[in-house]
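Read the structure below first, then the notes.
Where a number appears in this text, it was derived from the coordinates with a stated rule and is not lab data. For clarity, every value in this text was computed on a predicted model and none was experimentally measured. Neighbour counts run over all protein chains shown; Cβ positions are idealised from the backbone, glycine included.
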Amino acid sequence: MNPTPLQARRPLLALACSAAVLLALTACNKADDGKTVGQSIDAGIAKTEKAAKDAGNTMKEASKDAQATGSQASATMGDKIDDVTITATVSTGLAKDPDLSAIKINVDTRDGVVTLNGPAPSAAAKDKATDIAKQVKGVTSVNNQLTVTPG
């Protein structure tokens with residue numbers, strides 16, 4: 001699961017805030033380094049601004065990486081038809097067929113493999129159900145468990 005942009009930024013924001021606090025505390029250090037309090041504060045602010053800028057650049061790079069990854073995932077998902085769509089399309093195809101529309105055929109799909117269960121009025125209708133399922137985009141194979149029960 002991909003983090004949201006806010007979740008991706010939280011560690012960087014925490015790092016930037018921590019750096020700001022650390023730099024402020026360092027600027028207030030009472031050691032005599034020859035700088036005035038104002039010079040120490042200015043130096044601390046400059047360091048904090050640099051840390052914030054670096055964190056911003058890191059977030060921009062992370063955002064670009066996340067967008068690239070999202071585009072790749074979208075392309076992959078677009079190429080693969082999901083099982084629910086396959087099941088619905090096969091069921092619709094079976095319902096349109098005059099020999100199969102009057103009977104209840106259970107269609108299940110997992111990873112592109114369609115399983116058909118229920119009655120079929122004839123062996124020819126059973127075979128036709130397999131052909132209908134095989135014609136649906138995304139179907140990798142058909143497991144036809146229909147039972148021929150002449151009516």
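Data table
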| quantity | calculated |
| --- | --- |
| Extension gain from ASN117 to ASP99, taking 0.36 nm per residue of separation minus the Cα-Cα distance | 4.9 nm |
| The range 83-148: C-alpha gyration tensor shape, a/c 1.5 cut-off, then a/b vs b/c | prolate |
| Lysines whose Cα lies under 25 Å from that of LYS50, excluding same-chain neighbours fewer than 8 positions away | LYS30, LYS35, LYS60, LYS64 |
| In nm, spacing of pseudo-spin labels at ARG110 and LYS134 (7 Å Cα→C-beta vector) | 2.3 nm |
| Order of THR149, THR109, THR48 - criterion: other Cβ atoms within 10 Å of each residue's Cβ, fewest first | THR149, THR48, THR109 |
